[in-house]
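The structure under discussion appears below in the form of structure tokens.
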Amino acid sequence: MKFSKQRELILDTIMKSDIHPTADYIYNSLKKDNPNLSLGTVYRNLAQLVENGFIHKVSMPNQSDRFDKNIKPHAHIICDVCNEVYDIDSSSIKCFINNLSSEHDVDISSYNIVFKGICKSCKKADLKI
Ligand SMILES: [Zn+2]
Ligand SMILES: [Zn+2]
């Protein structure tokens, strides 16, 4: 895949970010230094980066898609309080997937699991009140 300058910037933004950014977030963070960039270009480049396996798209229920630099299979939790998305990469998920595969005699190649709840830092903040 040929990398345009804009595509490189978009990929770079995702790689540097730990927050599973949305297309809007990427657009807004690049817009200042790249006034020619349009939201449409961001969407188009994101789609191509996903298609070529550089990043993953994480679909969120009733929310904008998030983009993920971590392309290994993992689940997510979205916090009801701060709306942050965190990776859940635990052996219990792998176990669960393996069990599902054998119980239903299927090969699972990918999955999109999003838990909802309250994250560690919001739980801590709540305790302080
Ligand atoms: Zn939170
Ligand atoms: Zn992730």
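We did not get these values from a lab; they are worked out from the coordinates using the rules stated. This one's a predicted model, so the numbers in the text were calculated from it and none came from an experiment. Glycine gets a Cβ as well: all are built from the backbone with ideal geometry, and neighbour counts include every protein chain shown.
Annotations
- Expressed as a fraction of 2.2 N^0.38 Å, the C-alpha radius of gyration for the stretch 1-71 is 1.01.
- Lysine pairs in the stretch 68-129 whose alpha-carbon atoms fall under 21 angstrom of each other, counting only those eight or more residues apart or on distinct chains, come to 7.
- The stretch 72-129: C-alpha pair distances exceeding 17 Å, %: 48 percent
- The ranking of Phe54, Phe67 by Cβ neighbour count inside 10 Å, starting from the fewest, reads Phe54, Phe67.
- Remark: relative contact order (the chain) = 21 percent; criterion is Cα-Cα distance under 8 angstrom and separation of 6 or more residues.
- As computed over the chain, the Cα convex hull volume per residue (Å³): 137 Å³
- Taking other Cβ atoms within 10 Å as a rough exposure proxy, Leu37, Leu127 sort from fewest to most as Leu127, Leu37.
- With R₀ fixed at 41 Å, the C-beta to C-beta distance from Ser92 to Val50 puts the FRET efficiency at about 0.95.
- Once the Cα-Cα distance is subtracted from the 0.36 nm per residue extended length, the Asp24 to Asp126 segment shows a gain of 33.8 nm.
- Sorted by Cβ neighbour density within 10 Å, fewest at the top, the residues Met60, Met15: Met15, Met60
- Computed [θ] at 222 nm, helices only, for the chain once each DSSP H run of length n ≥ 4 contributes -39500 (n - 2.57): -13500 deg cm²/dmol
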